[in-house]
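Chemist: The structure under discussion is supplied below as structure tokens; questions concerning it will follow.
The values are calculated or read from the model by the stated rules, or taken from the named source; none is laboratory data. Quick caveat: nothing in here was measured; it's all calculated off a predicted structure. Cβ atoms come from the backbone with ideal geometry, glycine included; neighbour counts cover every protein chain shown.
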Amino acid sequence: MRKLLFIVGLLLSAVAAQAHVGSSGVLFQGQAGPYKVLVNVQPPDVIPGTAQISVYSESEGITSVQARPIYFRSGDEGAPSPDDIVPVAGQPGQFQGIVWLMEWGSSSVQIELDGKLGKGQLVVPIVAVSTAERDMPAGLGWLLTGLGLFLVLLMVTAIGASVSDGIMKPGQVLTAPQKRKRWMNMGIATVVCAVILYGGSSWWDSWAADYRQWIYKPLQGTSKIINEDGQRLFSLQIDTTGWAARRRGSMLSTLVPDHGKLMHLFLVRTPGLDAFAHLHPERRDSTTFQAYVPKLPPGKYLVYADIVQLSGFAETIVDTVEIPELAATTTALKRTDEEDTYVVTDPLNNPKQVPLDENVVVCGTPGTRTKLKDGSYVVWEGTSGNTFEAGKPYQLAFEVFNPDGTPARLEPYLGMPGHAAIVRSDGSVYIHLHPVGTFAMAAEQTLKGRIADTTRIYKRPNPQVFRDSIDRYLARLKTMSSAERETFLMKEMGMEMKGSTHNGEEHTNRITFPYSFPKDGQYRIFLQIKRNGQVITGVFDAKVKDTTTL
């Protein structure tokens with residue numbers, strides 16, 4: 001019965017898989033042709049399974065919305081026909097529907113809109129992996145087991161009757177030989193049914209074992225701090241144990257840069273979330289990444305390291321590391337990357353309890369003015385004391401002002417008008433956000449390129465040749481000035497900044513991030529922008545409630 005529950009549970013389940021750490025689904029905001037939309041895609045946690053699609057449009061006149069999955073491996077040529085995403089009754093501009101995801105790995109959902117303004121299209125990168133095994137309700141399992149036994153008894157009885165009672169004329173009585181024949185055939189039928197059940201059970205076992213092999217297991221890594229001539233050097237060693245069985249292959253040699261960086265590392269001190277760093281470690285060998293630690297205070301830090309594979313498959317390596325006190329030295333602290341940043345702020349539940357220096361900021365909340373270290377300030381749009389609802393999509397909007405109150409000019413940072421990292425108080429939720437959505441920009445680039453490729457089945461390049469080409473690309477970026485690099489990255493990602501627009505979004509002092517808090521609790525938001533050639537971090541707190549328990 002347990003095997004039956006396992007298999008049917010897989011077929012019936014369609015619960016969202018996680019992206020980054022603890023954040024389910026993918027949000028996209030931007031332009032689809034003439035239409036400004038917000039798209040929410042919730043992938044299933046078993047493959048095959050159905051992804052839930054929600055489309056919200058600020059534009060009127062949309063008459064139809066269709067969606068279809070496009071897998072990295074098979075591309076546009078191997079994609080199925082689109083499914084209709086239907087309007088939500090009583091909710092103008094909202095559409096909902098599903099698409100089936102049949103392949104494991106890097107995927108995308110292509111959404112097409114049609115209406116009075118013409119047609120529009122967009123691509124939302126997603127990761128389709130099996131992350132769970134689900135059980136059928138015990139009552140239903142016992143019911144199906146009883147029905148199965150009844151069918152076996154019915155079959156055995158019918159076979160026995162077919163050689164005895166079934167061929168007798170009315171009123172005739174079975175002879176002893178006929179009774180023996182009936183019991184003999186019923187015995188043979190019982191043995192045959194038992195063999196069939198055993199064969200079926202073995203097949204289910206094999207199928208279930210194969211499924212378990214494909215259940216996604218997050219990358220594991222070990223972090224440590226190395227003392228190098230008075231400098232604190234962060235080192236992350238990726239664990240490749242058991243990769244042959246998990247078919248990981250040479251994926252570490254086919255990583256691709258995201259925003260021009262091979263890895264984005266976020267360090268957050270726990271439990272107060274009162275110290276934060278955004279670093280960009282360099283690859284020392286296939287499994288080792290290292291970066292110099294800035295002037296962070298000592299303590300235990302949560303580690304979140306983002307990487308993207310060639311296929312667009314984005315992963316986050318999670319760990320903790322103990323950072324020791326900085327040794328007294330006259331040597332200036334080294335930086336691995338000129339865009340490495342850090343900030344210190346007041347701890348959770350202890351506002352304003354922090355000594356002020358050049359890299360200290362005070363935490364803000366919705367509806368309040370929060371001062372940044374250069375004298376400018378940020379206003380997080382919303383009502384003071386506002387509590388967010390878990391599972392509901394929001395546009396987290398921030399406005400940046402000069403010290404004199406005039407709108408500030410935002411400069412591109414890693415090819416974007418800004419970045420944000422969100423962490424729950426216990427570290428169980430983490431996500432790296434961009435104004436266009438909750439996905440890695442490298443994944444979007446990869447999947448758009450794959451859709452444009454007419455090759456039916458993708459052929460992986462030689463890992464060493466590919467790695468050498470990436471190393472040359474990264475070396476080239478380092479030779480550029482900051483302005484040249486930002487222009488190059490924006491063009492590469494299709495994030496044009498001409499006049500007053502930024503990828504369909506108004507390029508002003510206002511910056512928004514789409515996000516849905518996955519569960520209740522306390523969250524800290526680290527907003528990163530760039531002004532006057534300097535990366536500045538603002539810190540904000542959010543409280544989230546679970547309305548399903550009210």
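Chemist: Let me spell it out: the conditions are (1) more than 25 Å from the chain's Cα centre (by Cα); (2) surrounded by fewer than 14 Cβ atoms within 10 Å (Cβ to Cβ), and Thr320 meets all of them except one. Which number is the exception?
Modeler: Against the list (1) more than 25 Å from the chain's Cα centre (by Cα); (2) surrounded by fewer than 14 Cβ atoms within 10 Å (Cβ to Cβ), Thr320 comes up short only on (1).
Chemist: List pairs: first residue in region 524-548 and without any contact (Cβ under 8 Å) to a residue 60 or more places away in the chain, second residue of a type in the set (Ser, Thr, Tyr) and in a strand (DSSP E or B) anywhere in the structure, Cβ distance under 6 angstrom, at least six positions apart or on different chains.
Modeler: Between residues of region 524-548 that are without any contact (Cβ under 8 Å) to a residue 60 or more places away in the chain and residues that are of a type in the set (Ser, Thr, Tyr) and in a strand (DSSP E or B), there is no close pair.
Chemist: I need a count of the residues in region 353-376 that are at pLDDT below 85 and more than 21 Å from Ile422 (Cβ to Cβ).
Modeler: Summing the residues that are at pLDDT below 85 and more than 21 Å from Ile422 (Cβ to Cβ) in region 353-376 gives 5.
Chemist: Which one of these does Leu174 not meet: (1) surrounded by fewer than 16 Cβ atoms within 10 Å (Cβ to Cβ); (2) part of a helix (DSSP H, G or I); (3) at pLDDT below 90?
Modeler: Unmet condition: (2).
Chemist: A further question on this structure: Could you check Ala327 against (1) more than 22 Å from the chain's Cα centre (by Cα); (2) farther than 14 Å from Lys224 by Cβ; (3) crowded, with 16+ Cβ neighbours inside 10 Å and say which number it fails?
Modeler: (3)
Chemist: Before we move on, is Ile126 assigned to a strand (DSSP E or B) and either farther than 30 Å from Gln213 by Cα or touching an Asp or Glu at 6+ places or on another chain (Cβ under 7 Å) (or both)?
Modeler: No; evaluated as a whole, the condition is false for this residue.
Chemist: Run Glu282 past the list (1) over 28 Å from Cys363 (Cα atoms); (2) touching a Pro at 6+ places or on another chain (Cβ under 7 Å); (3) not β-branched (Val, Ile, Thr) and report the number of the one that doesn't hold.
Modeler: Of everything listed in (1) over 28 Å from Cys363 (Cα atoms); (2) touching a Pro at 6+ places or on another chain (Cβ under 7 Å); (3) not β-branched (Val, Ile, Thr), Glu282 misses just condition (2).
Chemist: Since Gly272 meets every condition but one in (1) surrounded by fewer than 22 Cβ atoms within 10 Å (Cβ to Cβ); (2) assigned to a strand (DSSP E or B), which condition does it not meet?
Modeler: So the condition that Gly272 fails would be (2).
Chemist: Could you check region 384-413 and list, in sequence order, the residues that are without any contact (Cβ under 8 Å) to a residue 60 or more places away in the chain, of a type in the set (S, T, N, Q) and under 23 Å from Thr508 (Cα atoms)?
Modeler: Asn402, Thr406 - these are the residues of region 384-413 that are without any contact (Cβ under 8 Å) to a residue 60 or more places away in the chain, of a type in the set (S, T, N, Q) and under 23 Å from Thr508 (Cα atoms).
Chemist: Considering only residues of region 177-206 that are exposed (fewer than 14 other Cβ atoms within 10 Å of the Cβ) and of a type in the set (Val, Ile, Thr), which is nearest to Thr145 (Cα to Cα)?
Modeler: Ile196
Chemist: Another question, then. Against the definition (buried (at least 20 other Cβ atoms within 10 Å of the Cβ) and either free of Cβ contacts under 8 Å to residues at least 40 places away in the same chain or not in a strand (DSSP E or B) (or both)), how does Pro347 come out, yes or no?
Modeler: No: the conditions fail for Pro347.
Chemist: Here's something else I'd like to know. Picking from Gly494, Gly538, which residue would you name as being within 30 Å of Gln42 (Cα to Cα) and either touching a helix residue (DSSP H, G or I) at 6+ places or on another chain (Cβ under 7 Å) or at pLDDT 90 or above (or both)?
Modeler: Testing whether each residue is within 30 Å of Gln42 (Cα to Cα) and either touching a helix residue (DSSP H, G or I) at 6+ places or on another chain (Cβ under 7 Å) or at pLDDT 90 or above (or both) leaves just Gly538.
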